[in-house]
Amino acid sequence: MIEIGLIVRALLRNKIGALLIALQIALTMTIMVNAIFMIQDRQSQMQRESGLDEANTFYLTNTVFGKDYNLQAEMQTDLNSIRKTPGVIDALQINAIPLSGGGWSMSLQHEPGDDKDTIGSAVYMVDDHAINTLGVELLAGTNFSAEDIEWRVDGQSTWPSKTIITKAFAEQLYPDNWETALGKTIYISQNQPMQVIGIIKTLQAPWNGWGGVERSMLVPFQMETQSSYYFIRTESGRRDELMPIIEKTLAESNKERIIRRVTTLEETRKRSYRRHNATNKILTTVVITLTLITGFGIVGLAIFSINRRTKQIGTRRAIGATKWQVMRYFLVENFLISCVGVIIGIAGAIALNMWLVKTFNLTPIGFELIAFGAVALFIVGQLAVLYPAKKAALIPPATATRTV
Amino acid sequence: MLVMKNINKTFQTGNIQTHALNNFNLTVNEGDFVSVTGPSGSGKTTFLNIAGLLETYTNGEFTLDGKDVGQLNDNGRSRMRNEKIGFVFQGFNLIPDLNLFDNVDVPLRYRGFDAKERRRRIEENLERVGLASRMKHLPSQLSGGQQQRVAIARALATEPRFLLADEPTGNLDSQMAQGVMTLLEEINQQGTTIIMVTHDLELAMRAIRTIQVRDGRVSELDVVAEKASA
Ligand SMILES: Nc1ncnc2c1ncn2[C@@H]1O[C@H](COP(=O)(O)OP(=O)(O)OP(=O)(O)O)[C@@H](O)[C@H]1O
Ligand SMILES: [Mg+2]
């Protein structure tokens, strides 16, 4: 028979130590649950698809310094030569790289005018090779045709009349039914009309921390500029082999420019989420450290109270407690303390989460995570008290008569 | 019945061996009240601890209530302590965090009685030692004599065959000691076998039988004492 009543009444006479441990458990639970929640949140952010064929994609910057350089013609020559290289699926010039942290965004609106609601979107300037090179999936509408592509000079403020947008952007524009976005005219720079001719499944913006990261648009622009990216997609598994070849070919084909920063998209992703990874490591360390501190706290309190109660434990053995009954006393006692801690911890975890949700715009914590935290702390508690409880069970019954 | 034949108990502390009991022989019959005296360090507590299954012996034969104690494992000894033996200690050994009711409850919980049976036994035994009205008090709120009465109630609540007491009056003034002794006599008259270690010769002589322990064995004097009391 488990003497819960007796354990509770004895505990209530020694509230302070037990309460401190319960509070420590509560605090650990509060922080643990929310830290895991934030870790998971970051992890799910990191798992979002960029929409690109990341494993087989790389890019480089082409910076022109030559005078009298024919930017338009040389760019076409470059792209043609890259596209013809065996193993290359397709290539294009682009103004920004997804996940890279740097790029363009514009505000779009349903109606022209300077007082209308707008929605922000990342802008990728590409040609008709975009869908193939990026590896994005066209859900509705059509790709740009070669005739749609316009030249854009630095500083130009007019926009082409067609665009392809992501599904997430279409959903934002037409919450009732994203498919209705197809064929609609939206306005860029307050009053320049653009017709949505296609909708692609996924293409992330360059900024992974931006709330609108899933909103992007393709604009049929070729840039007549001194410096731009060439974005290259290879056949599966041939990226690493082609990177130096293409770099060399380009560099040697024209000496009036430099080819720099040949980078895979996988590196870019890694760099993009370096902060996330670091923060997750810190949070994981915090959770582990706190859990250990709590575990040691429980061990400490248990050893202290057992040392203080040596004679009492000997007496319990003398009047008939088995070793297991002595052990069980401390396991149950710890369980009761953990219950108090976990109950306060649940309240604390939810409160902290509500604050986090409000402050950082996160989704609220799930029930499973709270349940996990509770179970984890019960297990930590029982494991922590196991050694002291075993020690208590080994106190000989003769202690009752041998100590004064 | 308690029968000890040639019981030896040796304590090993580093290189030093202490022979606390040397061929200790004793038979205690049902209903006896045995007082145990003897000089300090002679082995009285050692004997009582072995008799009460708190300690194991090095060799010899010991049967308690017909059971060969040497055959019991730790759990078996715990159960036997709980069912057949009641302990009264010099320092009372009550649990300071529990009130009198709960203190008496402790061995009953180990036994696994249901709540109703426990309550009956607790109330009955606190009544028996005259402290039923103070059930909700903590041990620290009682005098030494009263605390020892609670300890006796706790020992009796399991209805043991044997009540073992190691200097139960050692921490009490003489008036309180007399009270406790009278209570023990009543208990013995109601059928419980009692073995009591004491330094107080006057109290020792009130027992049915007095033995003296010297150098870890029962000295011949007990025969004299038995004759004297006869
Ligand atoms: N745990 C132990 N380890 C080593 N020696 C012990 C231990 N317990 C008792 N002894 C020794 O055994 C002998 C008998 O001790 P015991 O406690 O039985 O004496 P006692 O008759 O009860 O004495 P007192 O009247 O002072 O209580 C003593 O010499 C004592 O030092
Ligand atoms: Mg002694």
With contacts defined as alpha carbon pairs under 8 Å and 6 or more residues apart, what's the relative contact order of the range B:26-160 in percent?
-> 28
Of B:ARG81, B:ARG154, B:ARG109, which is the most mobile in a GNM of chain B whose springs link Cα atoms less than 10 angstrom apart?
-> B:ARG109
In Hz, Karplus ³J(HN,Hα) per residue of the range A:73-87 (6.51, -1.76, 1.60; θ = phi - 60°; x = Gly, Pro) | 5, 5, 5, 4, 4, 4, 4, 4, 5, 5, 5, 7, 4, x, x
For A:LYS84, go through the lysines and keep the ones whose alpha-carbon is under 18 Å away, minus same-chain ones fewer than eight residues off.
-> A:LYS248
Under a 10 Å cutoff between Cα atoms, tell me which one of A:GLN109, A:GLN325, A:GLN45 has the largest fluctuation in the Gaussian network model of chain A.
-> A:GLN325
For the range A:1-147, one quarter of the surface area of the C-alpha convex hull, expressed in nm², comes to 21.7
Out of residues 5 or more away from B:VAL218 or on other chains, whose amide H comes under 5 Å of its own, with H placed 1.01 Å from N in the peptide plane?
-> B:ASN25
Quick one: which residues, 5+ away or cross-chain, put their amide H under 5 Å from the amide H of A:ARG152? H built at 1.01 Å from N.
-> A:GLN222, A:MET223, A:GLU224
Considering chain B as a Gaussian network with a 10 Å cut-off on Cα pairs, which listed residue, B:VAL88, B:VAL69, B:VAL106, attains the greatest mean-square fluctuation?
-> B:VAL106
Tell me which residues come under 5 Å, amide H to amide H, from B:LEU163 once H is placed; ignore anything under 5 positions away on its chain.
-> B:GLY86, B:THR193, B:ILE194, B:ILE195
Give a residue-ordered list of calculated ³J(HN,Hα) values for the range A:259-267 (Karplus: 6.51 cos²θ - 1.76 cosθ + 1.60, θ = phi - 60°; whole Hz; x for Gly, Pro).
-> 9, 9, 6, 6, 9, 7, 6, 5, 4
What lysines could a cross-link reach from A:LYS270, if we take a straight Cα to Cα line under 19 Å and drop same-chain neighbours fewer than 8 places away?
-> A:LYS281
In the range B:2-229, what % of DSSP beta bridges are antiparallel (nearest 5)?
-> 50
For the range A:246-377, count the residues as N, evaluate 2.2 N^0.38 Å, and divide the Cα radius of gyration by that value, please.
-> 1.97
Chain B, helix-only ellipticity at 222 nm - DSSP H runs n ≥ 4, -39,500 (n - 2.57), divided by all residues, nearest 500 | -12000 deg cm²/dmol
Area of A:ASP114 that stays accessible when all protein chains are in place (1.4 Å probe, Å², to 10) | 120
Normalising by the residue count of chain A, find the relative contact order in percent from Cα pairs under 8 Å and 6+ residues apart.
-> 27
Per the Kirkwood definition applied to all pairs of different Cα atoms, how many angstroms is the hydrodynamic radius of the range A:196-309?
-> 20.0
With DNA, RNA and ligands ignored, accessible area of A:HIS129 (1.4 Å probe; Å², nearest 10) | 50
Computed magnitude of the charge dipole of the protein assembly as shown (debye, nearest 20; Cβ of K, R +1, Cβ of D, E -1) = 2540
Which lysines, on any chain, are close to A:LYS184 with Cα under 16 Å apart, when same-chain ones fewer than 8 places away are left out?
-> A:LYS162, A:LYS167
Estimated vicinal HN-Hα couplings, Hz - the range A:361-368 in sequence order (Karplus 6.51, -1.76, 1.60; Gly, Pro = x) | 6, 9, 7, x, 5, x, 4, 4
Which Rg and Dmax, in Å, describe the Cα atoms of the range B:2-229?
-> 17.4, 53
Entries of A:LYS15/A:LYS311; A:LYS390/B:LYS116; A:LYS391/B:LYS84 with Cα pairs more than 25 Å apart | A:LYS390/B:LYS116; A:LYS391/B:LYS84
Alpha carbon Rg of the protein assembly as shown, scaled by the compact-globule rule 2.2 N^0.38 Å = 1.69
Heavy-atom accessible area of A:ILE282 with all protein chains present, probe 1.4 Å, nearest 10 Å²?
-> 110
Longest site-free stretch - chain B; sites: GluC sites (Glu not before Pro), DSSP loop, at most 15 other Cβ within 10 Å | B:31-219
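The values are calculated or read from the model by the stated rules, or taken from the named source; none is laboratory data. In this text the structure is predicted, and so the values were computed from the model without any measurement. Here Cβ is always computed from backbone atoms with ideal geometry, including for glycine, and neighbour counts include all displayed protein chains. Note: areas computed on protein heavy atoms with side chains; ligands, DNA, RNA excluded. Shrake-Rupley method; radii C 1.70, N 1.55, O 1.52, S 1.80 Å.
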